[in-house]
Amino acid sequence: MQHLIEKASTLMEALPYIRRFSGKTIVIKYGGHAMAEEKLRKSFALDIILLKYIGINTVVVHGGGPQINETLKRYGIVSEFVKGMRVTDAETMGVVEMVLTGQVNREVVGYINQHGGRAAGLSGKDGNLLLCEKLLQEIRREDGGVEMVDIGFVGDVVEVNPAILQTLEKGGFIPVIAPVGVGRDGQSYNINADVVAGKVAAALGAEKLILLTDVSGVKNKEGELLSSIPLADVPELIDNGTVTGGMIPKVTCCTDALAAGVKKAHIVDGRIEHAILLEIFTNVGIGTEIQA
Ligand SMILES: Nc1ncnc2c1ncn2[C@@H]1O[C@H](COP(=O)(O)OP(=O)(O)O)[C@@H](O)[C@H]1O
Ligand SMILES: CC(=O)N[C@@H](CCC(=O)OP(=O)(O)O)C(=O)O
């Protein structure tokens, strides 16, 4: 009996959040590391299905960095990263597109549908969802100057055409987006999945952007979790080396999304089962919120 009462009170706690988010859009980025274990894949799929079921327009963007690394290694291709972005030559681009659209996207759609959802996979090429130009990465030199570095076929998203997402939503489908974009000349571009999630959230006027990753959130230099970071503090955290590597595109895409009108942006530990439900429907704050 006590058990049932506890369950009922948990449901009651969720009610105001269900009311608040029903009919609204939530964009969730599912990082390549958060797909590592079967129990996490299952809890992710069930959370996404529940959100859709209660009327939240749920959009998934997936990563796949570790999966790309594994395949590049098999081909004997070495890749490096500049400020969290993979340097992508033509050969690497071929592998990136194959792994993201041909493997990881199919797997994520598979997990959701296998557990009873209706997911439909696409990439930024479908319906020209993510139109790109080549990204030039800004690097600060030791003398304090700034240099723009060409890192290959990495896309700077210049236009988002969300019509295809709206069509899928009308049909009751959950869109699952692979982070590959297209240039006006048809060239494929590799885009960091966090960046895609931020751009899509902004284009859809999302209520929330959630980035699931493999750490508890953004940490300070002492390794302590920062539960909230004011938007204005983000550049300093990058400049002073507190936030490095793959965390840079995460915090910057959150700030860009908030500046573009997304209401809330969170970086959350994808290694916790049902991290999405805990973040959306409970008073327990998990991870880091970047605050507008
Ligand atoms: N200040 C920081 N706080 C937490 N993690 C950080 C920080 N700076 C860099 N990182 C690194 O960023 C990583 C997350 O980025 P990434 O590996 O690209 O994740 P994902 O595959 O989920 O996109 C963490 O595992 C951690 O090594
Ligand atoms: C330009 C760039 O870096 N693209 C990423 C795309 C995949 C990704 O972002 O995957 P995670 O979210 O799992 O890290 C890459 O090539 O790894």
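Quick look at the values:
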{"read-out": "Extension gain (nm, one decimal) between ASN69 and ARG271, 0.36 nm per residue minus Cα-Cα", "value": "70.7 nm"}
{"read-out": "The range 170-208-the range 215-251 distance, computed between alpha-carbon centres (Å)", "value": "24 Å"}
{"read-out": "Value of relative contact order over the range 1-70, rounded to a whole percent, pairs C-alpha under 8 Å and six or more apart", "value": "42 percent"}
{"read-out": "Mean Cβ neighbour count within 10 Å, used as a protection proxy, ranking 234-245, 100-111 highest first", "value": "100-111, 234-245"}
{"read-out": "Value in Å of the Kirkwood radius, where the range 246-292 supplies the Cα pairs that are averaged", "value": "11.4 Å"}
{"read-out": "Packing rank of 177-183, 79-85, where each peptide gets the mean count of other beta carbons within 10 Å, highest leading", "value": "177-183, 79-85"}
{"read-out": "Sequence of LYS73, LYS134, LYS170 once ranked by neighbouring C-beta atoms within 10 Å, starting from the fewest", "value": "LYS170, LYS73, LYS134"}
{"read-out": "The chain - share of DSSP beta bridges that are antiparallel (%, nearest 5)", "value": "40 percent"}
{"read-out": "Percent RCO, i.e. relative contact order, over the range 143-207, from Cα pairs under 8 Å lying at least 6 residues apart", "value": "36 percent"}
{"read-out": "Net lengthening on full extension, TYR53/LEU225 (0.36 nm per residue, minus Cα-Cα)", "value": "58.7 nm"}
{"read-out": "Förster-model FRET efficiency, 25 Å R0, VAL82 and ASP143, C-beta, rounded to 0.05", "value": "0.85"}
{"read-out": "Convex hull per residue volume in Å³, alpha carbons only, for the range 132-180", "value": "96 Å³"}
{"read-out": "Span from the the range 55-134 Cα centroid across to the the range 268-287 one, whole angstrom", "value": "24 Å"}
{"read-out": "Contour excess over end-to-end distance, with Cα ends at ARG20 and ASP233 and 0.36 nm allotted per residue", "value": "73.8 nm"}
{"read-out": "The range 152-292 - convex hull of alpha carbons, volume per residue in Å³", "value": "127 Å³"}
{"read-out": "Per-residue ³J(HN,Hα) for the range 203-213, Karplus 6.51 cos²θ - 1.76 cosθ + 1.60, θ = phi - 60°, Hz, x for Gly and Pro", "value": "5, 8, x, 5, 6, 8, 10, 10, 10, 8, 9"}
{"read-out": "Which listed pairs, of LYS83/LYS170; LYS24/LYS221; LYS170/LYS199; LYS52/LYS73, have C-alpha distances above 29 Å, in listed order", "value": "LYS83/LYS170; LYS24/LYS221; LYS52/LYS73"}
{"read-out": "Debye intensity ratio in log₁₀ form over the Cα atoms of the chain, taken at each q of 0.07, 0.11 Å⁻¹", "value": "-0.25, -0.62"}
{"read-out": "Highest average packing first - 219-231, 50-62, 185-197, Cβ atoms within 10 Å", "value": "185-197, 50-62, 219-231"}
{"read-out": "The range 1-153 - percent relative contact order, Cα under 8 Å, separation 6 or more", "value": "20 percent"}
{"read-out": "P(r) weight above 20 Å for the range 9-95, C-alpha pairs, percent", "value": "53 percent"}
{"read-out": "Computed log₁₀ I(q)/I(0) - Debye formula, equal Cα scatterers, no solvent, the range 182-223, q 0.15, 0.33 Å⁻¹", "value": "-0.58, -1.08"}
{"read-out": "Efficiency of FRET between ASN283 and GLU38 - r from beta-carbon atoms, R0 22 angstrom, step 0.05", "value": "0.15"}
{"read-out": "Order of PHE44, PHE281 - criterion: other Cβ atoms within 10 Å of each residue's Cβ, fewest first", "value": "PHE281, PHE44"}
{"read-out": "Neighbour cut-off at most 12 other Cβ (10 Å), DSSP loop, GluC sites (Glu not before Pro), the range 242-292", "value": "none"}
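We did not get these values from a lab; they are worked out from the coordinates using the rules stated. Please read these numbers as outputs of a predicted model, since none were measured by experiment. Virtual Cβ from ideal backbone geometry, glycine too; neighbours counted across all protein chains shown.
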